Amino acid sequence: ERGSNNSFTHEALTLKYKLDNQFELVFVVGFQKILTLTYVDKLIDDVHKEFRDKYRNEFQQKGTLGLLNGTFDFKDDFMRLLRDAEESSKVRAPTVMKTFEQSLKSQKTVKCMIETRGEKPKEKVKNKKNKGSKKEGTEAVAAPGKASAGDKQPSAAGDREELTKDEILQKNREEFFKRHMKAGEKSGKSPKPEAQKEKGKKPRVWDLGNSNAKVLDYSNSATNGSAEACPVEEFDPDTALGDRNREPGRLYDLEYESDDEAEEEKVIQNPSKPSAKKGGLGGMFGMLKGLVGSKSLTREDMDPVLEKMKDHLIAKNVAAEIAVQLCESVAKKLEGKVMGTFTTVTSTVKQALQEALVQILQPQRRVDVLRDVMDAQRHHRPYVVTFCGVNGVGKSTNLAKISFWLIENGFSVLIAACDTFRAGAVEQLRTHTRRLNALHPPESHGGRTMVQLYEKGYGKDAAGIAMEAISYARNQGFDVVLVDTAGRMQDNAPLMTALAKLIAVNAPDLVLFVGEALVGNEAVDQLVKFNKALADHSMAQTPRLIDGIVLTKFDTIDDKVGAAISMTYITSKPIVFVGTGQTYCDLRSLNAKAVVAALMKA
């Protein structure tokens, strides 16, 4: 029901159900999964309608609970409906192609066909006439010019006839020399580009830079996994930590201040004045509110409200396809439900949509990273987390934030630099490692280095580096291994194959998809194709898919939080971490009610 799906498969059986909210009935049909029965939906609809109409009066008199001990003589009706459904689904004989005599074309006369065909050429002729008139106009404009040139030519010829041959030769020579002099002046004015070409391109020297390339080269591949590779860096900790009053090691929830309560107070204080806003969506749906007095909701009552809500969800960055499915599931849930006397359609639909959104954001399987790390410690092995996602979403930055959070909870971290493709990826992780060691020096942890970097440079096999890093962490006693992978587009088959290989070979405990909160419809495409690629390119019998989501850049979207709904709706996986800024402390856990409050705000 979370995904507006009305079927359930168990082993070899498939169950399909339909709800009747008015009388609180559930109609279920079961059949073999291997059978492709096309008439199941028609059968369950017909049975629902027939059964409800037949026993409507009894339901209204005794209520549904009063008939639980009774019997229903519905067998004959059911068998009749089943036969009708089976008959309607039988394959019909292919239709015989009509002969030429039976077709409409044979009834047309030749004259009629000529006339109908001649209509379009007439239009073309008109167009051609218009084009011809334009050409005639241009020719008419050009003709006076030609005439004027023609007038000049005879006069020039007449002048030449009056001059002697020697005078004509002298005049031609003067014109020849004048033309050559002008050409020489033009060529003399343009030697500048050649001078620029001779200079060539010079490298820019920055004021605070260094022209020595050896000084800027930090890619020493001989120092893998050692503490000496990441010397302690001196810097201002306030710039890296942000809030100094926070509780170390605590992952705070997302906060969102809803102004619904303030608006309700204003409504109570001023009961005589009509309020434009009575809630998150009050102003937007004010024109659609209407009191419903003890009647059951129909689709016609809900359609205007649902259409407004669908547009509102799309405006909040929810993928269009998911917004439609959400509104459809709410309509099915409420159709036929009896309303209270002073309850509005808008408030009922809004409340049902809020409950559905909270249910989507609450995970079916809770991911408790700290508990799982402690469980791995008891088994004397490192807890392995792999980060994947498209380019530029913030995988390395949020990996550093999660490293800081784990260190503050007392766990040692090994970062595996498996992004061997992007220029500067290893250097970025090395800088984060130096800064994390500066914030948590070994002296504060009994001489134990809390974070190290394992890297093998560029152009190597990422799966092999991850395997070596996990083995190194097991031997050195690290608690957690965080595997950073290269960003890749979901349509790039070779890179998706390499990612599936890395996950299949190393079998990480947690696979996190890193996605940014700025995306709309693209979130659906990314997650669906990532999961599909991991399933297709995995050689295992049960392929490993995405276990959770890291939602980044959440501080850039204000109240357009629809990407959280889109991602969890598609995968049914929880959002484990939310990135909300640039410092190491800007990491939050998802608060479903806060996200829904922001989503429903007008």
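The values are calculated or read from the model by the stated rules, or taken from the named source; none is laboratory data. All figures in this text were calculated on a predicted structure; none of them were measured in a lab. Backbone-built Cβ (ideal geometry, glycine too); neighbour counts: all protein chains shown. For accessibility, only protein heavy atoms count, side chains too; no ligands or nucleic acids. Shrake-Rupley method; radii C 1.70, N 1.55, O 1.52, S 1.80 Å.
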Inset, instruction - Go through region 434-452 and count every residue that is within 27 Å of LYS501 (Cα to Cα) and out of contact with any Gly (no Cβ under 7 Å at 6 or more places or on another chain). - result: 1
Legend entry - Options ARG430, ARG435: the member that is open to solvent by less than 50 Å² (accessible area, probe 1.4 Å) and of a type outside the set (A, V, I, L, M, F, W, C): ARG430
Inset, instruction - Residue by residue through region 426-449, note down the ones that are in contact with a strand residue (DSSP E or B) (Cβ under 7 Å, 6 or more places away or on another chain) and within 24 Å of CYS585 (Cβ to Cβ). - result: LEU429, ARG430, THR433, LEU436, ASN437
Legend entry - Of residues in region 450-479 being open to solvent by less than 40 Å² (accessible area, probe 1.4 Å) and of a type in the set (D, E, K, R), the one modelled with the highest pLDDT: ASP479
Inset, instruction - Pairs only if they're at least six apart or on different chains, beta carbon under 8 angstrom, first in region 163-177 and in a helix (DSSP H, G or I), second among the aliphatic types (A, V, I, L, M) and surrounded by 11 or more Cβ atoms within 10 Å (Cβ to Cβ); list them, first residue then second. - result: LYS171/LEU163
Inset, instruction - Give the number of residues within region 391-418 that are in a loop (DSSP other than H, G, I, E, B) and either among the hydroxyl-bearing types (Ser, Thr, Tyr) or open to solvent by 10 Å² or more (accessible area, probe 1.4 Å) (or both). - result: 7
Legend entry - Any chance ASP559 is of a type in the set (D, E, K, R), in contact (Cβ under 8 Å) with a residue 40 or more places away in the chain, under 28 Å from LEU502 (Cβ atoms) and open to solvent by 10 Å² or more (accessible area, probe 1.4 Å): no
